[in-house]
Amino acid sequence: MFELVADEEVRLRPLSYREVPELYRLTDLYRDHLSTWLPWVRRHTLTDTYAFVDHSIAQQRRNEGFQAGIFYRHAIVGVIGYHKIDWDNRKTSLGYWLIPTVQGRGVMSRACSAMLDYAFFHLGLNRMEIRAAKDNIRSRRVAERLGFTQEGIIRQAEWLHDRFVDHVVYGLLAREWEQRSDRRAFFA
Ligand SMILES: CC(C)(COP(=O)(O)OP(=O)(O)OC[C@H]1O[C@@H](n2cnc3c(N)ncnc32)[C@H](O)[C@@H]1OP(=O)(O)O)[C@@H](O)C(=O)NCCC(=O)NCCS
């Protein structure tokens, strides 16, 4: 099992069954907060966490990417992952969440940065996407901080609890990331 090291505080490891109990505990503890933008959290069960890890392991076996636990100072604090990699077009997209107690410290920006290094420099992908609900300002800021370009709005892209919300689509190309990355991330 490999580890992606963003820096001395932030490390990413593809999810294994070992993380299931703690991952579920966090989604349960921060259910209200996380479900604001992640509607699936509202009714999430321990079985769902197992199923998610199952899916991630199968995804990795098929060489379609993976979902990683984000470890901040050695404790798991969230998840980041590639949605299914489209190898024909060498592109994919990122999804992520972080517990509220560690937000505001750049943990997600550093985690995304490591995932971008891995995607562009190791996997040889050419394009990465992030989609965020229009009013999900914190998530949009993550994309903007990393130099993604706002490419468009998908109208009424998602049913969020009681209403449709628009998604903002952000894109980043390999050549753009090459100009910005300090290539700090490494994997072991
Ligand atoms: C989206 C989400 C991950 C953003 O978390 P976040 O803590 O704002 O993001 P980061 O970890 O990149 O932290 C950025 C903040 O840390 C600060 N920061 C400190 N050190 C930093 C560093 N080394 N690098 C970047 N930012 C740093 C930034 O200034 C910024 O501060 P601000 O909140 O005052 O603007 C989080 O809000 C979340 O999980 N939300 C719920 C789930 C969700 O919406 N997921 C996305 C669905 S599209």
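Derivation of every value follows stated rules applied to the coordinates shown; laboratory data play no part. Just so it is clear, the model here is predicted, and its values are computed rather than measured. With ideal geometry, Cβ positions are generated from the backbone for all residues, glycine too; neighbour counts draw on all protein chains shown.
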When you look at V20, is it touching a residue at least 24 places away in the same chain (Cβ under 8 Å), aliphatic (A, V, I, L, M) and out of contact with any strand residue (DSSP E or B) (no Cβ under 9 Å at 6 or more places or on another chain), yes or no? yes
Return a yes/no flag: does the stretch 29-39 have any residue that is away from the ligand (no atom under 16 Å from the Cβ) and of a type in the set (G, A, S). no
Tally the residues that are of a type outside the set (V, I, T) and either closer than 18 Å to G171 by Cα or near the ligand (Cβ under 9 Å from one of its atoms) (or both), restricting the search to the stretch 66-96. 15
Pairs only if they're at least six apart or on different chains, beta carbon under 9 angstrom, first in the stretch 160-184 and over 30 Å from R42 (Cα atoms), second assigned to a loop (DSSP other than H, G, I, E, B) and of a type in the set (S, T, N, Q); list them, first residue then second. L173/N126; A174/N126; R175/N126
Which count do you get for residues in the stretch 64-120 that are among the charged types (D, E, K, R), over 27 Å from R31 (Cα atoms) and part of a loop (DSSP other than H, G, I, E, B)? 3
Answer residue from the stretch 125-152, given it is more than 14 Å from the ligand (Cβ to nearest atom) and in contact (Cβ under 8 Å) with a residue 40 or more places away in the chain and is nearest to L38 (Cα to Cα) among those: R127
Please verify whether the stretch 173-188 includes one or more residues that are of a type in the set (S, T, Y), assigned to a loop (DSSP other than H, G, I, E, B) and over 23 Å from D32 (Cα atoms). yes
L26 fails exactly one of (1) within 18 Å of R138 (Cβ to Cβ); (2) of a type in the set (A, V, I, L, M, F, W, C); (3) surrounded by 20 or more Cβ atoms within 10 Å (Cβ to Cβ); (4) touching a helix residue (DSSP H, G or I) at 6+ places or on another chain (Cβ under 7 Å), namely (4)
Across the stretch 97-108, the tally of residues that are surrounded by fewer than 19 Cβ atoms within 10 Å (Cβ to Cβ) and either hydrophobic (A, V, I, L, M, F, W, C) or closer than 19 Å to V169 by Cβ (or both) stands at 1
